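Here is the structure we will look at, set down as structure tokens.
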Amino acid sequence: MEVTKCTKADFDQIIAEIADFWGNDRTLSRHNHIFYYEFGDTAFVVKEGEKVIGYLLGFFSQTSPTAYVQFIGVRQSHQKRGIGRQLYEHFTEVAREKGCTELKAVTSPTNKGSVSFHRSIGMELHGEPDEDGTPVIKDYGGPGIHRVLFRKKI
């Protein structure tokens, strides 16, 4: 499967079918159009025919040589097939070409699937262990909003 840049039609499909990627629409409001219109060079998809089966929305930091993954989603029917890994590998290459030396991503401590996936691709978790033993950065997302911070040198 080939990784390509996300088009407007791809982004619209992702938004319209968000629950197929996430199990519900809890992330819909955070899938802002800015990821297509302003960060289109770092928005990627994998498709079967015209159907988006996986996507990665990222950007490059303005203050450090860091590439940041805001969202990576794979349709539930296509998970565990290496699509997320393929998207991350592609984004890593693009980031290296732009001079980035680190990848970064953040998730909720309750998103065990995301934590497991990011560990499997070699990302390190930063922070202090929470009550479940998962390293978190306290208040990273605001007061009382703890997050898992992933980092990886590239």
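Considering (1) more than 28 Å from residue 5 (Cβ to Cβ); (2) in contact (Cβ under 8 Å) with a residue 60 or more places away in the chain, the lone condition that residue 87 does not fulfil carries the number (1). In this structure, does residue 126 turn out to be touching a Pro at 6+ places or on another chain (Cβ under 9 Å) and not hydroxyl-bearing (Ser, Thr, Tyr)? For residue 126, the condition - touching a Pro at 6+ places or on another chain (Cβ under 9 Å) and not hydroxyl-bearing (Ser, Thr, Tyr) - is met. Applying the criterion of at least 2 residues that are modelled with pLDDT of 95 or more and assigned by TED's automatic domain parsing to the domain that holds residue 5 to the helices (runs of 4 or more DSSP H) found wholly in the range 20-136 leaves 83-97.
Would you pick out the residues in the range 77-95 that are surrounded by 21 or more Cβ atoms within 10 Å (Cβ to Cβ) and of a type in the set (S, T, N, Q)? Listed by number, the list is empty, since nothing qualifies. Close contacts from the range 22-47, counting a first residue that is within 23 Å of residue 93 (Cβ to Cβ) and a second that is in a helix (DSSP H, G or I) and charged (D, E, K, R), with Cβ to Cβ under 6 Å and a gap of 6+ residues or different chains, come to 45/10. Within the range 39-85, the residues that satisfy the criterion of being among the small types (Gly, Ala, Ser) and touching a helix residue (DSSP H, G or I) at 6+ places or on another chain (Cβ under 7 Å) are 43, 54, 58, 67, 73, 84. Answer with yes or no whether residue 150 is in the same structural domain as residue 20 (by TED's automatic domain parsing), in contact with a Leu (Cβ under 8 Å, 6 or more places away or on another chain) and crowded, with 17+ Cβ neighbours inside 10 Å. When the stated conditions are applied, residue 150 does not pass them. What residue, among those in the range 121-140 that are free of Cβ contacts under 8 Å to residues at least 24 places away in the same chain and small (Gly, Ala, Ser), is farthest from residue 56 (Cα to Cα)? Within the range 121-140, the match that is farthest from residue 56 (Cα to Cα) is 133. Closer than 24 Å to residue 8 by Cα, surrounded by fewer than 13 Cβ atoms within 10 Å (Cβ to Cβ) and not hydroxyl-bearing (Ser, Thr, Tyr): does that describe residue 50? Here the answer is yes, as residue 50 does meet what is asked.
The values are calculated or read from the model by the stated rules, or taken from the named source; none is laboratory data. All figures in this text were calculated on a predicted structure; none of them were measured in a lab. Glycine also receives a Cβ, built like all others from the backbone with ideal geometry; neighbour counts cover every protein chain displayed.
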